[in-house]
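One structure is given here, and the rest of the page talks about it.
Read-outs throughout are calculated quantities, based only on the coordinates presented, and are distinct from any laboratory measurement. Computed from a predicted model, the values in this text were never measured in an experiment. Heads up, the Cβs are rebuilt from the backbone with ideal geometry, glycines too, and the neighbour counts pull from every protein chain shown.
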Amino acid sequence: MSGLTKKAVYADKLLSSILGVREGDFVSYADISRGLHRYIKDNKLKGGGAIQLPKQPTVQAVQGEIEAAVESGMKSCIDCGAQIPSEATFCDMCGVSQ
Ligand SMILES: [Zn+2]
């Protein structure tokens with residue numbers, strides 16, 4: 001079985017909606033290629049505008065969320081002022097009980 005026809009790709013919500021398969025089905029790269037071409041043709045996207053994919057979180061947005069979560073989950077050590085997790089009982093830096 002060649003790599004192209006092996007059903008190796010998990011169809012998530014977006015992929016399944018484009019390919020017309022059920023979410024969670026496994027599809028091959030050939031299926032995806034065929035499906036994308038059909039999708040572009042059906043939606044008259046060829047030669048025109050870009051494919052309008054649903055908005056996906058960008059790496060930057062995810063990073064920002066992680067940083068915000070980390071920041072909100074931190075506190076300053078009562079003794080040395082180091083940033084430590086808010087649930088920490090002892091300071092990572094100086095070992096003082098919080
Ligand atoms: Zn400390």
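Numbers below:
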| quantity | calculated |
| --- | --- |
| Potential lengthening between K6 and M74 on full extension [0.36 nm per residue; Cα-Cα distance subtracted] | 19.8 nm |
| Phi to ³J(HN,Hα) by Karplus 6.51 cos²θ - 1.76 cosθ + 1.60 over region 85-98, Hz, x for Gly, Pro | x, 4, 8, 5, 8, 10, 6, 5, 8, 10, x, 6, 5, 8 |
| In sequence order, calculated HN-Hα J values of region 29-34 (Karplus, 6.51, -1.76, 1.60; Hz; x Gly/Pro) | 5, 5, 4, 5, 4, 4 |
| For S97, S17, order by how many other beta-carbon atoms lie within 10 Å, fewest first | S97, S17 |
| Environment charge of K7, counting only residues whose C-beta is closer than 11 Å and scoring Lys/Arg +1, Asp/Glu -1 | -1 |
